[in-house]
1. Can you grab the distance from the C-alpha centre of the range 186-241 to the C-alpha centre of the range 92-118, Å, no decimals?
2. How charged is the neighbourhood of ILE74? Take every other residue with its Cβ under 12 Å from the Cβ of ILE74, and add Lys/Arg as +1 and Asp/Glu as -1.
3. Give me the one-decimal nm value for the distance between modelled label points at GLU178 and ASP6, 7 Å along each residue's Cα-to-Cβ direction.
4. Is it possible to state the helix-based mean residue ellipticity at 222 nm for the chain, with each DSSP H run of 4+ residues giving -39500 (n - 2.57), the sum divided by total residues, to the nearest 500 deg cm²/dmol? What is it?
5. Would you mind counting up the charge near ASP253? Only other residues with Cβ under 15 Å from its Cβ, with Lys and Arg at +1 and Asp and Glu at -1.
6. Using a simple spin-label model with points 7 Å from Cα along the Cα→Cβ vector, what separation in nm is obtained for SER162 and ARG56?
7. GNM on the chain, C-alpha springs below 10 Å: top fluctuator among LEU114, LEU289, LEU228?
8. Where does each of THR303, THR206, THR9, THR66 land when they are ranked from fewest to most other beta-carbon atoms within 10 angstrom?
Amino acid sequence: MSKKPDLQTTIGGLALQNPVMTASGTFGYGKEFESLVDLNRLGAVIVKGLSLEPARGNPPPRIVETACGMINAIGLENVGIEAFIAQKLVFLQKLNIPVIANIYGRLEEEYVQLARRLDPLEAVAGIELNISCPNVKAGGMAFGVDPAAAFNVTQAVREQTSKPLIVKLSPNVTDISEIAVAVAEAGADCISLINTISAMVIDIETRRPRLANITGGLSGPAIKPIALRMVWQAAQAVQIPVIGIGGILTAEDALEFLIAGATAVQVGTANFIHPRSTIDIIDGLEAFLEAHNIATVSDIIGTLEI
C-alpha cells in the first residue's frame, strides 16, 4: 500500500479520526489517563456518567474480578454536572478530539435537565444517554428494557439538544432490536451497545455476596460473544450508526464488531487491564488494514457474510 489506511469514521454526524472510543465509567474524566495515553490519538473520549447532583455511589466492596471479566457495582459515582463543567471540562476542552458526555437520571425530567445544561457547551461534542437506569416513576424498571420508556426518554432529550445523540442500550432485554428501533424512531443519531450484564458472585466461605450491592454489572471478555450478537442484530434493525461495546481487548476484537456492522467501538474493561489498550487497538487496526490492502476502515464495516 502506498499510503497508510484511512481510519476515519462518522457517527451521527460526528467525525472521528478513528473508530476507537473510550467507554463511559472506565476512563474517568480523561485526565486520569493523561500520563499513560496520548489522548489526542483516540477517536473520542466518553466521560463517566453524569447526574444532576454529585453521587457517592455504592458502598465497597464494589468491584470483583471474575472469570474473563469483572463485575462492578460502583453505583454511577460522579462529581455532578456543575462540577464537571466548572472543573473537568477545563482540561477536556484542550483536547483535539471529540468529548462526549454520558448522562443518566432516575426520572425523565433529570435527563431533560442534563441535556439542556450541556447543549450550549461547545466543548461537549455529543451526548450519550445511559438508559440502563431504574425509572422511579415506573416502579424501578430500567428505561432501557421497555420500548415505550426508551422511546419517551430519547424523544424528550432529543427535543433539548441539537448535539449528536447516542443512546446506550441495556443487554438485559429479550429483543435488542425492538429497543434499537424504538430509540431510532425517537430521534437518536446512533446507538451504543452493550452496557453491562446483571450478575453476581458469592464468597463460599462467608456465604455472602462478594459485592456490598449484592449484584453488579458484568463486563470484559466474558460478554464479548453476547455483545457481538446484539450489535449484529441491532445493525440489521436500524439505519443509524451502531457503536459496539463489550469485551474489546485487542484490534482483532474490534474488527469483529466492525465486520458485524459497528461503525465505531468503545473500549472499557481493557483500560483497567492495560491502560494503553486503546492505542494498541488503533495501531492494530491500521496494521490489519495495511496487511490486507484495505484502503479505509469503512471498507470493512458490515461485511459479515452469512
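Every number here is computed from the coordinates shown, using simple stated rules; none is lab data. Treat the numbers as computed from the prediction; the structure is a model and nothing was measured. Neighbour counts are summed over all protein chains in view; Cβ atoms, including those assigned to glycine, are modelled from backbone coordinates with ideal geometry.
1. Cα centroid of the range 186-241 versus Cα centroid of the range 92-118: 22 Å apart.
2. With Lys, Arg at +1 and Asp, Glu at -1, the neighbours total +2.
3. Calculated label separation equals 4.1 nm.
4. -7500 deg cm²/dmol
5. Values: positive: LYS224, ARG229; negative: GLU252, GLU256, ASP280, ASP283.
Net local charge, ASP253 excluded: -2.
6. So the label points at SER162 and ARG56 sit 4.2 nm apart.
7. Maximum fluctuation in the GNM of the chain, among the listed residues, is at LEU289.
8. The fewest-first ordering by Cβ neighbours comes to THR206, THR303, THR66, THR9.
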